[in-house]
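Trainee: Here it is: the structure, laid out below.
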Amino acid sequence: MLSTIFIILMFAVVVDFFWLAIKLAWSVGKLILSFIFFPVAMILLAASGLITAALMILLIVGIIALIFSFAK
């Protein structure tokens, strides 16, 4: 009986840590995407002569960021 309770509680703890790890990994992924990939992509677009596309993407992302910051 005690081993069954132990297995159930151990499963609950492992699942909880698993979901926590997924949340943290997703946060790290968003940070890498927003602080490394996006600026590098914008610099590459501008350097390759697609400054108009880079400005439009920056404008759209900026408007979306403002909307989300005011929504919170």
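The numbers here are math on the coordinates, done by the rules we state, and not lab data. Note that this is a predicted model, so its numbers are computed, not measured. Quick reminder, even Gly has a Cβ in these numbers, built from the backbone with ideal geometry, and neighbours come from all protein chains shown.
Trainee: With angles folded into 0 to 90 degrees, how steeply does helix 51-71 sit against the dominant principal axis of the chain? Use alpha carbons for both and round to 10.
Mentor: 50 degrees
Trainee: Just to be sure I understand the model, the point goes 7 Å from the Cα along the line to the Cβ. What's the resulting MET10 to ILE43 distance in nm?
Mentor: 4.9 nm
Trainee: Also: Please report, in whole Å, how far the alpha carbons of the chain spread along each principal axis, starting with the longest.
Mentor: Sorted from largest, the Cα extents of the chain read 69, 29, 12 Å.
Trainee: Once you put a point 7 Å from the Cα of ILE60 and another 7 Å from the Cα of TRP19, both along the Cβ direction, what distance in nm separates them?
Mentor: Result for the modelled spin labels: 3.4 nm.
Trainee: Give me the angle, in degrees from 0 to 90, between the Cα long axis of helix 38-47 and the longest principal axis of the Cα atoms of the chain, rounded to the nearest 10.
Mentor: 20 degrees
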